[in-house]
Amino acid sequence: MAEHLSDNDINNIVLLIDTWNTDVKLTWEKLRTQMQLRCGLAHTRQTIQSYHRIKSAFLKKKVKIRKQL
């Protein structure tokens, strides 16, 4: 069974997304890699995508990056 993310973990992931370098393509896999490197969190895409705050921040950042192109 997958381990749940704490509120602190979710806040850290959202902060990671919010501060994502817009010159680097944002993908779930790249986010997972950065989560593991910076926060020590190793979760599947399905797990992190199931949290509304994370998914919402991810989608908003994707839109922002697309508008800059």
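The values are calculated or read from the model by the stated rules, or taken from the named source; none is laboratory data. None of these values were measured; they are calculated from a predicted model. Backbone-built Cβ (ideal geometry, glycine too); neighbour counts: all protein chains shown. Side chains included, ligands, DNA and RNA excluded: accessible areas come from the protein's heavy atoms. Shrake-Rupley method; radii C 1.70, N 1.55, O 1.52, S 1.80 Å.
In region 19-69, what residues are over 16 Å from S6 (Cα atoms), open to solvent by less than 60 Å² (accessible area, probe 1.4 Å) and hydroxyl-bearing (S, T, Y)?
Passing the criteria: T22, T27, S56.
Which residues, counting only those in region 47-69, are of a type outside the set (D, E, K, R), under 16 Å from R32 (Cα atoms) and in contact (Cβ under 8 Å) with a residue 40 or more places away in the chain?
T47, I48, Y51, I54, A57, F58
Do we have E29 as modelled with pLDDT under 95 and among the acidic types (D, E) here?
On the way: modelled with pLDDT under 95: no; among the acidic types (D, E): yes.
Judged against the criteria, E29 is not a match.
Scan region 1-38 residue by residue and report those that are over 19 Å from K64 (Cβ atoms), touching a residue at least 40 places away in the same chain (Cβ under 8 Å) and in contact with a Leu (Cβ under 8 Å, 6 or more places away or on another chain). I'd like the intermediate steps shown before the answer.
To start, the set of residues in region 1-38 that are over 19 Å from K64 (Cβ atoms) comprises 1-12, 29, 32-33, 35-38.
Retained after the next criterion (residues that are touching a residue at least 40 places away in the same chain (Cβ under 8 Å)): 2-3, 5, 10.
If the condition is that a residue be over 19 Å from K64 (Cβ atoms), touching a residue at least 40 places away in the same chain (Cβ under 8 Å) and in contact with a Leu (Cβ under 8 Å, 6 or more places away or on another chain), then L5 is the only one that fits.
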